[in-house]
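Undergrad: First the structure, which I've put down as structure tokens, then a few questions once you've had a look.
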Amino acid sequence: MTVLILGGTREARTLAILLVDRGLDVISSLAGRVTTPALPAGEVRVGGFGGVEGLVAYERDHGITAVVDATHPFAARISANAAAAHQETGIPLLRLQRPGWETRPEAADWHWVDSTAEAVTTAERLGTRVFVTTGRKSLRAYAGWTDRYVLVRLVEPADWWVPTNWEVLVDRGPYDLESETALMRDRRIDVLTTKNSGGSLTEAKLQAAADLGIAVVIVRRPAAPEGIEQVEAPEEAADWVLTHA
């Protein structure tokens, strides 16, 4: 059995360890957007497949017997491609996706939006000192913010010139409550923009915002492809692989 795991998430890495420990051949595919990614157990490939046709060819050429889509909750394109490839090949496909943050007690008070563009217009109404944590790919949506203080945190440096009134922090989680609270208090943040990524690595910012009374603007997750079984824990995914690969 050869299992293809799509994604470099924490859940994907945990699943790779579980499957390798059980004696399965595992290939993990990383997008390649991070220059120094944490590498999972087993074989690793980096880069795209070339759309649905390329993914179908890869699965067939490498004798893949099961696919687990463990990409980031906002990696909608690869999830759609994985679902389309599944329809073409019939190779079993599972979606492994960590729970979101919508069950947090303060989630009802957040400003939920459907896009980064909507997050920008919503945040503009709520404050003038914004902490942006929606990711590097979203930054250009905020480019018009030259009239306010903007704190941006990225895993990788920005790949374009940013306005001089922005402060850019290049850092990688996990983040704790004490440091997140100190950061937002020291910068006098009054709005936090983020995505419903879920997980514990970056969750402390939400508690810090609640404690400090900071407004939260949060982008909803894109809809998952229909008809694909989904689990939330790597252990569940490992059990599924053993019965479907």
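The values are calculated or read from the model by the stated rules, or taken from the named source; none is laboratory data. What you see is a predicted model; the values in this text were computed from it and never measured. As a convention, Cβ positions derive from the backbone with ideal geometry for all residues, glycine included, and neighbour counts pool all protein chains shown. Side chains included, ligands, DNA and RNA excluded: accessible areas come from the protein's heavy atoms. Shrake-Rupley method; radii C 1.70, N 1.55, O 1.52, S 1.80 Å.
Undergrad: Only Lys, Arg, Asp and Glu count, each charged at its Cβ (+1, +1, -1, -1), so figure out the dipole size of segment 30-166 about its Cα centre, rounded to 20 debye. Numbers along the way, then the final one.
TA: Details: 14 positive and 15 negative charges, 73 e Å.
Using Cβ point charges on Lys, Arg, Asp and Glu, segment 30-166 gives about 360 debye.
Undergrad: Could you state the accessible area per residue of the chain in Å², with a 1.4 Å probe and every protein chain left in place?
TA: With the other protein chains kept in place, the chain gives 48 Å² per residue.
Undergrad: A further question on this structure: For the chain, what is the relative contact order in percent, using Cα pairs closer than 8 Å and at least 6 residues apart in sequence?
TA: Dividing the mean separation by the residue count of the chain yields 23 percent.
Undergrad: With unit charges on the beta carbon (Lys/Arg positive, Asp/Glu negative), name the residue among 51, 116, 14 whose Cα is farthest towards the positive pole of the charge dipole of the chain.
TA: Working it through, the farthest residue towards the positive pole turns out to be 116.
Undergrad: Something else: Name the residue farthest towards the positive end of the dipole of segment 131-238 from the options 162, 189, 207, assuming +1 on Cβ of Lys and Arg, -1 on Cβ of Asp and Glu, about the Cα centre.
TA: 162
Undergrad: Separate question: Would you tally the net charge around residue 204, using a Cβ to Cβ cut-off of less than 10 Å, leaving residue 204 out, and scoring K and R as +1, D and E as -1?
TA: Computed value for this residue: -3.
Undergrad: Counting Lys and Arg as +1 and Asp and Glu as -1, each charge on the Cβ, what is the dipole of the chain about the Cα centre in debye, to the nearest 20?
TA: For this selection, approximately 700 debye.
Undergrad: Let me ask you something else. Taking the Cα centre of segment 118-245 as origin, work out the dipole magnitude from +1 charges on Lys and Arg Cβ and -1 charges on Asp and Glu Cβ, in debye rounded to 20.
TA: Its charge dipole is roughly 740 debye.
Undergrad: Which percent of the accessible area of the chain is formed by carbon and sulfur heavy atoms (probe 1.4 angstrom)?
TA: 49 percent
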